[in-house]
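A quick write-up on the structure given underneath.
Please treat every number below as a calculation from the coordinates, not as lab data. Treat the numbers as computed from the prediction; the structure is a model and nothing was measured. Every residue, glycine as well, gets a Cβ built from its backbone with ideal geometry; the counts of neighbours run over all protein chains shown.
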Amino acid sequence: MSLEPATVGAIVPAAGRGERFRGATPKALVPIRGRPLVQHALEAIHRVDEVVAIVVVGPAHVLDAMRELVAAARLDKVTAVIAGGADRQASVARGLEALPAAADLVLIHDGARPCVTPGLVRAVVAAAATAGAATAAVPIEDTVKRGEDGWVTSTLDRTQLYRVQTPQAFHRAVLERAHREALRSGFHGTDDAALVEQLGHPVRLVAGDAGNLKVTVPEDLAVAEALLGRGGGPADAVRVEQHAEAPAVDAAVVRDGDEIGRALLEQRADQVVRDSVQAESADRERRSARDVGDRFRARSDDFVHTSATSPTHAVRKPVLSLSKEQGGPKLPDGRGDIHPLCR
Ligand code: CTP
Ligand code: MG
């Protein structure tokens, strides 16, 4: 089934409790570059022509504040601001019910990922229109191991591993079936692609963006803030354009503002390396905490590992290419197809 052009309805789950963020203000409303966190994602999605409706899913007690921000920002594609459920899956399910009937393709993007670009949204939507299901993803560059009781049990083949992000997009019928089936079977997934996978339906991998981080802990704010640059200026347009034309190439590194974000991501990545070699030494950890980089308590699920010898690697490296002429998605160094389903 191909949708040309797709009528896209977007769901923005932003109803989480932000427990790891540990803030008094609901995470979705925490200001970043002068705007509530969730507003950044909403604005990026709003700029995508194919998106005709947006449903915002928020915490029940702040829906009025969310409606106010939607009105103030003139996000007139927002058709509903509704209360979320007990977990992300339940929040998306509610969003799905509130989506206008005209939407035949559903875009889902976490309100907690403010650095998404309209270009990445378009790339995921385009892939889902033909494949039925698609997700943004970036290859894992760290070595990944299984462990048990403090001992390594095996080393995984990282060439087959990806960190999955949102945006994700699905034919509406597929997503509705996936949610219905998950409800019936009691399956719980941390993203919507997992539910669709349970149906046995293939999910297309689309080149994500290392800068498309999820704000999870307080330290992420500074990184996201830098990545957002000066926010909304002409440089944003350059970034969007570049992503639209060449989704896999350097989209996050075209602005002065990104220089700072890149540096911060590198610092976070370097911190992971430091943490792993210094874990046994509380003293040395305290010393390194004086470094500016240590303000960003890195977590391995939020960035692509970089190294000191490749200072711009974390966000510069093109990840996947979706060019049909080149025979579908490839890894950047020509190592071959990214996934059997994408051939
Ligand atoms: N989310 C949601 N409804 C829930 C739980 C999560 O809409 N019941 C949303 C969050 O608001 C966020 C996205 O799903 O935009 C990803 O979740 P996460 O980053 O884990 O945010 P929180 O659940 O808010 O954070 P935490 O897990 O630390 O409580
Ligand atoms: Mg959560």
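Under a point spin-label approximation (7 Å from Cα along Cα-to-Cβ), what is the Val217-Ala98 distance to one decimal in nm?
3.1 nm
Taking amide H positions as placed in the peptide plane 1.01 Å from N, state which residues far from Ala133 in sequence (5 or more) or on other chains have amide H under 5 Å from it.
For Ala133, whose amide H was placed from the backbone, the distant partners under 5 Å are His171, Arg204.
Please sort 30-43, 67-80, 188-201 by packing, taking for each peptide the average over its residues of neighbouring beta carbons within 10 angstrom, highest first.
30-43, 188-201, 67-80
Given H placed on each backbone N at 1.01 Å, which residues far from Cys115 in sequence or on other chains put an amide H within less than 5 Å of it?
Amide H neighbours of Cys115: Leu213.
Using the Karplus curve 6.51 cos²θ - 1.76 cosθ + 1.60 with θ = phi - 60°, what ³J(HN,Hα) values do you get for each residue of segment 59-65, in whole Hz, with x for Gly and Pro?
Working through the residues one at a time gives x, 3, 7, 10, 4, 4, 4 Hz.
Under the rule of at least 5 residues apart or a separate chain, name every residue whose amide H is placed under 5 Å from the amide H of Ile54.
Result for Ile54 returns Ala10, Val78, Thr79, Ala80.
Mark the label point 7 Å from the Cα of Thr130 along Cα→Cβ and return the residues of segment 182-210 whose backbone N is within less than 17 Å of it.
202-208
Can you compute the FRET efficiency between Ala72 and Ala24 using 1/(1 + (r/R0)^6), with r the Cβ-Cβ distance and R0 = 30 Å? Round to the nearest 0.05.
Approximately 0.85, to the nearest 0.05.
With all distinct Cα pairs included, what does the Kirkwood hydrodynamic radius of segment 8-257 come out to in Å, to one decimal, could you say?
One over the average 1/r among Cα pairs gives 18.4 Å for segment 8-257.
Would you be so kind as to identify which of Ala28, Ala10, Ala71 lies farthest towards the positive end of the dipole of segment 3-115, taking Lys and Arg as +1 and Asp and Glu as -1 on Cβ and the Cα centre as origin?
Of the options given, the answer is Ala28.
Residues of segment 56-78 with amide nitrogen under 20 Å from the 7 Å Cα-to-Cβ point of Ala86?
Only 57-61 pass the distance filter.
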